[in-house]
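Here the structure is laid out as structure tokens; the discussion comes afterwards.
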Amino acid sequence: MSDDLNWLSAREMVRRFAKGDLSPVDVLEATLAQLHTVNPVLNATCLLDEPQGRRLAAESAERWRRSAPLGPLDGVPVAIKDTAHVAGWPTRIGSHATAAAPSAEDTPGVARLREAGAVFFCKTSTPEFGWKGITHGPLTGITRNPWDTSRTPGGSSGGSAALVAAGVVPLATGGDGGGSIRIPAAFSGVFGLKPSYGVVPNFPGPMGTLAVYGGLSRDVADSALMLNVLTRPDARDSFAIPYRGIDYLDGLDSGVAGMRIAWSPDLGFPVADPAVVAGMQPAIDALVKAGADVQRVSLDLSGAQQYAGSDLGRIACRIGA
């Protein structure tokens, strides 16, 4: 494992906090230093609160000294997408039309992360009202991809993906109603998962109840660790399914041998760029080599195409559904 603090996984950070050979204070300072190095180019944040970050890191360090961590993410720096409420910070959702007044309470996912000891120090950029698959807008300007700054990191969780990919944080939050976690994960070379609806308690946001809450990381296990925290119950969400107590880290080392996986190159719409289809082949080959049964399937989603062309579909597209 690299000694570069900016590239440690959340799991490795917590392991070293417990051993006493690494402090959350040191991690936070490395985090801020990396942010100041890359953010003038990436433009991935819309709010920075260094005093709060340092206070939370110091409180975490003291808890680890007493062997009394709050939870599995105690001391880990986590960047928060600016579609979620953080108590004491404004929620602008990338728009001048929103109020600059501080939020009174945390969104459920943020509340669970706070209870687990996560260190909050910034909010990440998002397009206005989180409605598109790139991250630029009138409030924050253009957010850029760390791999190629002439490109977008995707959206709407593009600021979160950029900070993870650039080694600023191991974990960042996101929301997904139409690809807003999955698109930036793919564009930025990080891992993103859209949880099934109701698994993570959430507040209605700019997309109403359509979007779900989740996050981005540099590997699957870190995202599983965060999902363990985010899925804990919150009575404010009447749409959330009953808490099941699943440990999403279980079985990650079991591999994919024997799994049946269907894949479609175009989802029934023959518009996929050949280069994109070709780019999928190495992943498919890797799954087959690992023992998965991968079957190419044909889909008929013409009903969705008819919906997209309707007046209702056009309205839905305008509001980001």
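The values are calculated or read from the model by the stated rules, or taken from the named source; none is laboratory data. Since this is a predicted model, take the numbers as computed values, not measurements. Please note: Cβ atoms are built from the backbone with ideal geometry, for glycine as well, and neighbour counts cover all protein chains shown. The accessibility values were calculated without ligands, DNA or RNA, using every heavy atom of the protein model including side chains. Shrake-Rupley method; radii C 1.70, N 1.55, O 1.52, S 1.80 Å.
A few notes on this one:
- Computing P(r) over Cα pairs in 10 Å bins from 0, in percent for the structure here picks out one of [x] 6, 28, 38, 24, 4, 0; [y] 6, 25, 35, 24, 9, 1, 0; [z] 5, 25, 33, 21, 7, 4, 3, 1, 0, 0, 0, namely [y].
- Each of Ser254, Ser302 has its accessible area taken with a 1.4 Å probe; listed largest first, they run Ser254, Ser302.
- Within the accessible area of the chain (1.4 Å probe), percent carbon and sulfur: 58
- Calculated FRET value between Ala33 and Asp247, using beta carbons and R₀ = 56 Å, to 0.05: 0.95
- Accessible surface comparison of Phe191, Phe129, probe 1.4 Å, protein chains only, largest first: the order is Phe129, Phe191.
- Each residue of region 203-215 was assigned a 3J(HN,Hα) from its phi angle through the Karplus expression (A = 6.51, B = -1.76, C = 1.60, θ = phi - 60°), giving 8, x, x, x, 9, x, 9, 6, 6, 10, 9, x, x Hz with x at Gly and Pro.
- Non-local lysine pairs in the chain, meaning eight or more places apart or on different chains, with alpha-carbon distances under 23 Å, amount to 6.
- Over region 143-202, relative contact order from alpha-carbon pairs under 8 Å, at least 6 apart, %: 31
- Cleavage-rule hits, trypsin sites (Lys or Arg not before Pro), region 151-239, DSSP coil, Cβ neighbours within 10 Å at most 15: Arg151, Arg236
- Order of exposure, largest accessible area first, which applies to Cys122, Cys46 with probe 1.4 Å: Cys46, Cys122
- P(r) weight above 16 Å for region 35-127, C-alpha pairs, percent: 56
- Region 1-95: trypsin sites (Lys or Arg not before Pro) in DSSP loop, at most 14 other beta carbons within 10 Å: Arg66
- Farthest towards the positive end of the charge dipole of the chain, among the residues Gly130, Ser160, Leu42, is the Cα of Gly130, using unit charges on the Cβ of Lys, Arg, Asp and Glu.
- The mean sequence separation of alpha-carbon pairs under 8 Å and at least six residues apart, normalised by the residue count of region 12-93, gives a relative contact order of 36 percent.
- 3J(HN,Hα) along region 271-286: 10, 5, 5, x, 5, 5, 4, 5, x, 6, 4, x, 5, 5, 4, 5 Hz, from the Karplus curve 6.51 cos²θ - 1.76 cosθ + 1.60 with θ = phi - 60°, whole Hz, x for Gly and Pro.
- Legend: calculated FRET efficiency, Lys19 to Ala262, from the Cβ-Cβ distance at R0 = 45 Å, rounded to 0.05, equals 0.55.
- Estimated distance in nm for a label pair at Ser196 and Val277, the labels positioned 7 Å out from Cα along Cα-to-Cβ: 3.2
- Annotation for Asp285 and Arg66: the two label points, set 7 Å from Cα along the Cα-Cβ direction, are 5.6 nm apart.
- Using alpha-carbon coordinates, inclination of helix 220-230 to the longest axis of the chain, degrees: 70
- Computed label-point distance, nm, for sites Glu115 and Val220 using a 7 Å Cα→Cβ extension: 2.8
- If R0 is taken as 25 Å, the Cβ-Cβ distance between Gln52 and Ala97 corresponds to a FRET efficiency of 0.45.
- Region 193-292: relative contact order as a whole-number percent, Cα under 8 Å and 6+ apart: 24
- Surface calculation, 1.4 Å probe, protein heavy atoms: Met280 sits at approximately 90 Å² accessible.
- The solvent-accessible area of Asp49, taken with every protein chain present and a 1.4 Å probe, is close to 40 Å².
- Per residue, the accessible area of the chain comes to 47 Å², computed with a 1.4 Å probe over protein heavy atoms only.
- Translational diffusion of region 149-293 was estimated from the Stokes-Einstein equation, with Rh taken as the Kirkwood radius over Cα pairs; at 20 °C and 1.002 mPa s the coefficient is 128 µm²/s.
- The residue among Tyr243, Met226, Val256 whose Cα reaches farthest toward the positive pole of the charge dipole of region 201-261, with charges on the beta-carbon of Lys, Arg, Asp and Glu, is Tyr243.
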